[in-house]
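We did not get these values from a lab; they are worked out from the coordinates using the rules stated. As the structure is a prediction and not an experimental result, all values here were calculated from the model. Every residue, glycine among them, receives a Cβ derived from its backbone with ideal geometry; neighbour counts consider all protein chains shown.
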Amino acid sequence: MTRITRRTVLKAGVAASAVGVLPRFAVAQADDRPSITIAVQQIVNANTLEPLREQSNVGTRLMTSVFECLIEQDLQRELQQIPGLATEWKRIDDRTVELSLRRGAKFHNGDEVTADDVVFSFGPERMFGKSGAPEGKLFTGIIGGETKDLPPEVPAVAKRLWPALERIEAVDKYTVRFVNKQPDVTLEGRIARGGSQIISRRAFSEAKSWLDWARNPVGTGPYRVVEFRPDTSLTLAAFDEYWQGRPPIKQIRFVVVPEVASRINGLVSGQYDFACDIPPDQIPEVEKHARYEISGGLIGNHRLLCFDKAHPELKDPRVRLAMCHAIDRQLIVDALWAGRTRVPKGLQWEFYDQMFHADWSVPAYDPNLAKKLLREAGYKGGVIPYRVLNNYYTNQTSTAQVLIEMWRAVGLNVEIQMKENWGQIFDRNSQRGVRDWSNSAPFNDPVSSIVNQHGPKGQQQQIGEWTNAEMNTLSVELETSTDRPRRRAVFRRMLEICEREDPGYTVLHQTAVFTGKRKDIEWKPAPSFAMDFRSRNFKIKRA
Amino acid sequence: MLRYLSTRLVRALLTICFVVTFAFVILRLSGDPALLILSPDAPPEAIEAFRKSWGLDRPLWEQYFHYFAAIAEGNLGRSMRDGRPALDLVLERVPATLALTIPALILKIGIGIPAGIYAALNRNKLADRLTMLFSVAGFTVPSFVLGLVLVLIFAVNLGWLPSGGSDSWVHGILPIITLGTAGAAVLARFTRSAMLEVLGQPYIRTASAKGLAWRRVVVDHALPNAAIPTVTIVGFMVGSLVAGAVVVESVFSWPGVGRLLVVAVANRDLAVVQTILLFVALTMVCANLTVDMLYGWIDPRLRTRRVAGAG
């Protein structure tokens, strides 16, 4: 029989303490994951991390790390729809989609994702707003600043994302149904798009105000928000209970470095691991350093020119078409982008799948045809204003200068007017002519782009730049028809109207984004603005 | 003295009213905050809702009077972009800016004034010419160029210092040197000119002729008389402590008032811009008042003249 002495008791006590302490110590020791710093021009435009308010390209970059949708877009391929927080989904009818939730998926606060959270994410408190919400005051009050009321732009964005959502039903704890007011073949696409991310109901309810929530949101992504200092930095930490497995990075820090030169200097001096938004002419600056490289390429965004057909010289569609035929797009791609982007097939993307028209193309470069069209239209050399921002888009100013010369070569008298901001671009107090824009497709259907941006509720028509009666009728049909061959034909006809018969815009080239990074980091850019830092897409090569 | 001070205060208030009005008109007529903050890709109805919620859809005169009335009540408004009180946003950034501008001011004074005195005392000698060469170079090279050159040397090539950010005091070294260099160059030139003018005065010759040691002539007679223009320049530098580092803060990604101002102007975030302008105006007014009082302390003749004028 073992005797219990003071010494054995002490030994047992030490051993018991060690049992409690050692595992934690071991975990801490085992966490040898790297932390990385990413230099960006801007973290978000609207200074919140709420996807419904942050509708910018820069915001898209980090949302994937914090939030997830029920259906995800495959960032490692061509944005095809793949299971996200829903493991499977099926159509009940033309208006209804039923989704089965992933069991065990957790929010950053440890709660399991349930149908209740999904219903809440698409409900009035978070998305569509309560009726009768108070209005803000001139410069001194803001809804959402100190209360849970949504800023009015949030419900407005939500209504654009979900124009006809009737309700969401929780069938059981792990099953939800999206019911639309009208037939809609794009429901799955809308579920997968930015703005439809699922949030924690409890975390939203516990936040002191909407603004507090929007600065420290709780999603299910691989990284959780640790600290957000607007216009300065955003720190994310690995969420180890992430359903796709332990994230490969311990901490990600996005830091705002507004100047390109400073981002590059910071990268090559080892202060940053990634430097985003590198313009094409600066790529050699990064690549001349052996330890760094440029990663990136095409994303789902096209650069376009928009026409204001109210301008006297642009009333005749032949003048607008002549402008389209006068542009040597491939020359712009080769000269200003070093061939790192391409001329796409009009305002469409391959991930439209069956809706994609592979045989469609932008108006060909044909100066003789342009001259002929101008003669037929009786163009007499009147001035056409072209409002340009100073490199809001990459290479914007130099592209404008190239375009002016191309137009001059066929006899078009286009004059650049440099503007400071979008308000001045849209200003109706003086005659508008041509301006720059870019369009993305948030989901895999033409409704997400040609209808949303050039249809009756799209920006071009809303600001009174362009309209076309047939286009507007077809927009409604494309949104509501479930006859897939007919929808394909309708989309084709829309391309014909918008890009040839009565040009509202013309596509110049696809957008490409470039990120400077350490060569020893294995990381593949997504075909979108999003940056994917999940375990399948991040690894540091051993020397 | 009281009458003098009250006149200056009324003038300062009028200046501030003018600044506020000017900024309001320029900012409101030259851009739409809704498009800038929400981005042109936001749905038109969201942009419209934003305009409505902030009253940007109301007539300009109504916006102006509401805004002015709020300021008069001490309410500087909220940031349209950030949603928080503009004053809080600005006050948050002031320490970061002062962490750059105060050491830079010490650097300017510590290098600029001795260099100017040294150059003046060695007029037309090699030391004078070299000092002025560096001074002209420091004065003419734009701060963003100097900043980038320093980064290339000390961060990229030597790897001694960080290229930007604000994580530690080490991050402040390059921006402080960049800020300090141009100011030191300006001070050196002004100090030299002032000293040369004073050194040519008859009382300096008299003091020397009396047999006073040259050091005492310089310290007791030349320096106090040359101090007036130098103090004026230093006063301007003190006045620009709050928002005098706009370019340097951008180059070095330093989260101070200058960066906030750039972002607020770009987004036409009126309340934030106005709050910063008020701060700048306030520091300028305070600096000017202090300088005015220092004039009297440095040169008793000015004090006597002021009292006589007031009487």
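Quick one: angle between helix B:173-199 and the longest Cα principal axis of chain B, in degrees between 0 and 90, rounded to 10, please.
With rounding to tens, the tilt is 40 degrees.
With contacts defined as alpha carbon pairs under 8 Å and 6 or more residues apart, what's the relative contact order of chain A in percent? Kindly include the intermediate steps, with their values, before the conclusion.
Working: 1043 pairs, mean separation 104.9, N = 543.
Dividing the mean separation by the residue count of chain A yields 19 percent.
A:S438's amide H: which non-local residues (gap 5+, or another chain) put their own amide H closer than 5 Å, with H modeled 1.01 Å from N in plane and none for Pro or chain starts?
Here the answer is A:L304, since their amide H atoms fall under 5 Å of that of A:S438.
Quick one, can you get me the convex hull of the C-alpha atoms of segment B:93-252 expressed as volume per residue in Å³?
Values: hull volume 18.7 nm³, N = 160.
Spelled out: Cα convex hull of segment B:93-252, divided by residues, is 117 Å³.
Can you show me the helix-derived [θ] at 222 nm for chain A, built from DSSP H runs with n ≥ 4 at -39,500 (n - 2.57) apiece and divided by the number of residues, rounded to the nearest 500.
-8500 deg cm²/dmol
With only alpha-carbon pairs counted, each pair once and no self-pairs, how large is the Kirkwood hydrodynamic radius of segment A:329-370 in angstroms?
When all Cα pairs of segment A:329-370 are included, the Kirkwood radius is 11.9 Å.
Taking the alpha-carbon centroid of each part, what is the distance from segment B:109-140 to segment B:144-201 in angstrom?
Using only Cα atoms to place each centre, the spacing works out to 15 Å.
Note the direction-averaged projected area, equal to a quarter of the hull surface, for the Cα convex hull of chain B, in nm².
Details: hull surface 84.6 nm².
Average projection, Cα convex hull of chain B: 21.2 nm².
Nearest 5 is fine: what % of DSSP beta bridges in chain A come out antiparallel, could you say? Provide the component values of the computation, followed by the final result.
On the way: 55 of 72 bridges.
Roughly 75 percent of the DSSP beta bridges within chain A come out antiparallel.
Radius of gyration and Dmax for segment A:68-218's Cα atoms, expressed in Å?
Answer for segment A:68-218, Rg first and Dmax second: 15.9, 48 Å.
Please get the size of the charge dipole for the protein assembly as shown, origin at its Cα centre, with Cβ charges of +1 on Lys and Arg and -1 on Asp and Glu, quoted in debye to the nearest 20. Before the final figure, lay out the partial values.
Numbers: 102 positive and 85 negative charges, 577 e Å.
Here the protein assembly as shown has a charge dipole of around 2780 debye.
Sort B:F252, A:F533 so the one with the fewest other Cβ atoms within 10 Å of its own Cβ comes first.
On the way: B:F252 32, A:F533 23.
Ascending number of Cβ neighbours within 10 Å: A:F533, B:F252.
Using θ = phi - 60° and the Karplus form 6.51 cos²θ - 1.76 cosθ + 1.60, what ³J(HN,Hα) does each residue of segment A:427-435 get, whole Hz, x for Gly and Pro?
Working through the residues one at a time gives 3, 8, 5, 10, 5, 8, x, 10, 8 Hz.
Count the lysine pairs in segment A:68-218 whose Cα atoms sit under 16 Å apart, keeping only pairs 8 or more residues apart in sequence or on different chains.
Numbers: A:K106/A:K173; A:K130/A:K148; A:K130/A:K159; A:K148/A:K208; A:K159/A:K181.
For segment A:68-218, qualifying lysine pairs total 5.
Which lysines, if any, have their Cα less than 28 Å from the Cα of B:K210, not counting same-chain residues under 8 positions apart?
In chain and number order, the partners are B:K125.
Amide H neighbours of A:V388 under 5 Å, counting only residues 5+ apart in sequence or on other chains, H built in-plane at 1.01 Å?
Residues meeting the amide H criterion: A:Q417, A:M418, A:K419.
Hey, what D do you get for chain A in µm²/s if you plug the Kirkwood alpha-carbon radius into Stokes-Einstein at 4 °C and 1.567 mPa s?
On the way: Rh = 25.6 Å.
Approximately 51 µm²/s, per Stokes-Einstein.
Below 24 Å, Cα to Cα, which lysines can A:K517 reach? Residues fewer than 8 away in the same chain don't count.
Cross-link targets: A:K250, A:K288, A:K539, A:K541.
In segment A:387-542, if every C-alpha pair distance is counted and binned at 5 Å from zero, what percent goes to each bin?
Answer for segment A:387-542: a P(r) of 1, 7, 13, 15, 15, 14, 12, 9, 7, 4, 2, 0, 0 percent.
In what order do B:R129, A:R33, A:R487 fall by count of nearby beta-carbon atoms within 10 Å, going from fewest to most?
Numbers: B:R129 13, A:R33 16, A:R487 23.
Arranged by neighbour count, lowest to highest, B:R129, A:R33, A:R487 become B:R129, A:R33, A:R487.
Using modelled backbone amide H atoms (1.01 Å from N, in-plane), which distant-in-sequence or interchain residues come within less than 5 Å of A:Q80's amide H?
A:D74
Against the empirical 2.2 N^0.38 Å scaling, what ratio does the C-alpha Rg of segment B:57-110 come to? Intermediate results must be reported in sequence, preceding the final value.
Values: Rg = 16.9 Å, N = 54, 2.2 N^0.38 = 10.0 Å.
Rg over 2.2 N^0.38 Å, computed on Cα atoms: 1.68.
Sort B:I16, A:I191 so that the residue with the fewest other Cβ atoms within 10 Å of its own Cβ comes first and the one with the most comes last. Show your work: numbers first, answer last.
Details: B:I16 17, A:I191 25.
So the residues, fewest neighbours to most, are B:I16, A:I191.
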